[in-house]
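Q: Starting off with a structure, shown below.
The values are calculated or read from the model by the stated rules, or taken from the named source; none is laboratory data. The structure displayed is predicted, hence computed values, not measured ones. All Cβ positions, even for glycine, are placed from backbone atoms using ideal geometry, and neighbour counts span all protein chains on display. Keep in mind that these areas ignore ligands, DNA and RNA; they rest on the heavy atoms of the full protein, side chains included. Shrake-Rupley method; radii C 1.70, N 1.55, O 1.52, S 1.80 Å.
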Amino acid sequence: MLPIEVEEFLSWMVAEKGRAPNTVAAYRRDLTAYCEWLAGRGVGVLDVDHTRLVEFVGERRASGAATSSIARQLAAIRMLHRYLSIEGERRDDPAADLEGVRVPAGIPKPLTEAQVTSLIDAVIVTEPVHRRDLALIELLYATGARISEAVGLSIGEVDLDARLVRLYGKGSKERIVPFGSTAAAALDDWFSPSGRARMVPDRWRRRDDAEAVFLNTRGGRLTRQAAWLVIKKYGTRAGIGDHLSPHVLRHSCATHLLDHGADLRVVQEMLGHASISTTQIYTKVSQERLWDVYRSAHPRATLER
């Protein structure tokens, strides 16, 4: 059981900072592990000092934990102690001068355009569920939506005539994203009498399910986990399952937009990145692919003197 000060912090994260449920759940897991470690040493969040925090980080490193996991947990700990200091629960902030953990910048591995085509071609439409699967894949690639954003869509948030979709990203931030003709055709087919209408149950279990764009075979809203399995299934069928996840489709959308000359700021807005530096990761991918094409295509690219 978490100390009351930590529970109050998590409530503050929701009420005052507007953090998404998934974010708060991750903070809860990380802070639970932190508080258990402190309890094992006879201290709590109100009396832990900087030396103990350094010891905690050292033990996490020695345990072989992934750098990204340690960095994420430290972010939660820093936020907690800053909150306790601001609220007057503590006079000091023991995490203020805590040295951070550098996470190596990971370069996304997008699909090639040919691989995207093979993924889409792997969906053979004969049943309503196949219409759903094709619409889901087309929409993810067309918009760069996060999988949680796609499965959270309601019918009123998709405008087929204008080819626009309203997405709610991290922190419930709203953005309007366009999609192309192939995604529009797939969605139109899914919304036809041969698609979604055939998967509507006799009675909705939840009111929210009735508005869901993507339904499961029982007539409920499709979950993130089920959508992930849909992507994986067709990736395996197309021979790219080992390299595919819904997030790879998001990477691929961004990279291909930049490959074809899209403005970085436009891609930032489309993906819902808070910082342009996040979007700039994709420029590294595009530059690498540019060099690959150049070396293979230019007659004097590899000549030795």
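Q: Can you find, among ALA15, HIS251, GLY44, the residue farthest towards the positive end of the dipole of the chain? Put +1 on the C-beta of Lys and Arg, -1 on that of Asp and Glu.
A: The Cα lying farthest towards the positive end belongs to HIS251.
Q: To continue, here is another question. Under a 1.4 Å probe, what is the accessible area of the chain per residue, stated in Å²? Walk me through the numbers on the way to the answer.
A: Numbers: 17140 Å² over 305 residues.
Per residue, the chain has an accessible area of 56 Å².
Q: Sticking with this one: Putting +1 on Lys and Arg Cβ atoms and -1 on Asp and Glu Cβ atoms, find which of ALA96, PRO201, PHE56 reaches farthest to the positive end of the dipole of the chain.
A: Final value for the positive-end residue is PRO201.
Q: What 222 nm value per residue comes from the helices of the chain, counting each DSSP H run with n ≥ 4 as -39,500 (n - 2.57) and dividing by all residues, nearest 500 deg cm²/dmol? Can you show the working numbers first?
A: Working: 13 runs with 167 residues, N = 305.
Value at 222 nm, helices only: -17500 deg cm²/dmol.
Q: Using the Kirkwood radius over C-alpha pairs as Rh, can you work out the diffusion coefficient of region 83-201 via Stokes-Einstein at 20 °C, viscosity 1.002 mPa s, in µm² per second?
A: 123
Q: Next question, about the same structure. What are the GluC sites (Glu not before Pro) within region 121-164 that DSSP puts in a loop, where the Cβ has at most 15 other Cβ atoms within 10 Å?
A: On the way: sites: GLU138, GLU149, GLU157; in loops: none.
Hits after loop and neighbour filter: nothing returned.
Q: Please state the charge dipole magnitude for region 1-152, taken about the Cα centre, from unit charges on C-beta atoms (+1 on K and R, -1 on D and E), reported in debye and rounded to the nearest 20.
A: Numbers: 18 positive and 22 negative charges, 52 e Å.
The dipole magnitude comes to about 240 debye.
Q: Please state, to two decimals, what the Cα-based radius of gyration of the chain comes to when divided by 2.2 N^0.38 Å (N = residues).
A: On the way: Rg = 23.3 Å, N = 305, 2.2 N^0.38 = 19.3 Å.
Against the compact-globule rule of thumb, the ratio is 1.20.
Q: Less than 14 Å Cβ to Cβ from GLU211, Lys/Arg counted +1 and Asp/Glu -1: what total charge do the surrounding residues give? Working shown, then result.
A: On the way: positive: ARG166, ARG196, ARG205, ARG206, ARG207, ARG221; negative: GLU157, ASP208, ASP209.
Taking every Cβ under 14 Å from that of GLU211, the sum is +3.
Q: Next up: Restricting attention to region 7-73, which chymotrypsin sites (Phe, Trp or Tyr not before Pro) occupy a DSSP loop and are surrounded by at most 11 other Cβ atoms within 10 Å?
A: On the way: sites: PHE9, TRP12, TYR27, TYR34, TRP37, PHE56; in loops: none.
Here no chymotrypsin sites (Phe, Trp or Tyr not before Pro) fit, given the DSSP loop and packing criteria.
Q: Within the chain, what whole-number % of the accessible surface is contributed by carbon and sulfur, with the 1.4 Å probe and all protein chains included in the calculation? Each step should come with its number before you reach the end.
A: On the way: 8600 of 17140 Å².
The computed percentage sits at 50.
Q: Continuing with this model, one more query. Could you tell me the distance between the Cα centroids of region 231-253 and region 1-79, to the nearest Å?
A: 33
Q: Another question, then. Mind checking the dipole of the chain: about its Cα centre, +1 per Lys or Arg Cβ, -1 per Asp or Glu Cβ, Debye to the nearest 20? Display every interim value, and only then the final one.
A: On the way: 42 positive and 39 negative charges, 123 e Å.
For the chain, the charge dipole is close to 600 debye.
Q: If you don't mind, there's one more thing I want to ask. Among GLN115, ALA33, VAL129, whose Cα projects farthest towards the positive end of the dipole of region 7-160, with charges put on the beta-carbon of Lys, Arg (+1) and Asp, Glu (-1)?
A: Toward the positive end, the furthest listed residue is ALA33.
Q: Let me ask something additional. Do you know the relative contact order of region 93-202, to the nearest whole percent, from alpha carbon pairs under 8 angstrom that are 6+ apart?
A: Numbers: 93 pairs, mean separation 27.4, N = 110.
Over region 93-202, the number comes to 25 percent.
Q: Kirkwood Rh, region 224-271, all Cα pairs: how many Å?
A: Hydrodynamic radius (Kirkwood, Cα pairs) of region 224-271 is 11.8 Å.
Q: Per residue, what volume in Å³ does the Cα convex hull of region 180-245 take up? Before the final figure, lay out the partial values.
A: On the way: hull volume 7.3 nm³, N = 66.
Convex hull volume per residue, Cα atoms: 110 Å³.
Q: Binning at 10 angstrom from zero up to the longest distance, how are the C-alpha pair distances of region 41-125 distributed in percent?
A: 15, 33, 19, 12, 12, 10, 1
Q: Report D for region 1-156 in µm² per second (integer): Stokes-Einstein, Kirkwood Rh on Cα pairs, 37 °C, 0.692 mPa s. Present the calculation step by step, with values, prior to reporting the outcome.
A: Working: Rh = 19.0 Å.
Stokes-Einstein gives a translational diffusion coefficient of 173 µm²/s.
Q: Here is a further query. Quick check: residue separation of ILE86 and ARG206 times 0.36 nm, minus the Cα distance between them. What number comes out in nm?
A: Additional length available on full extension: 39.1 nm.
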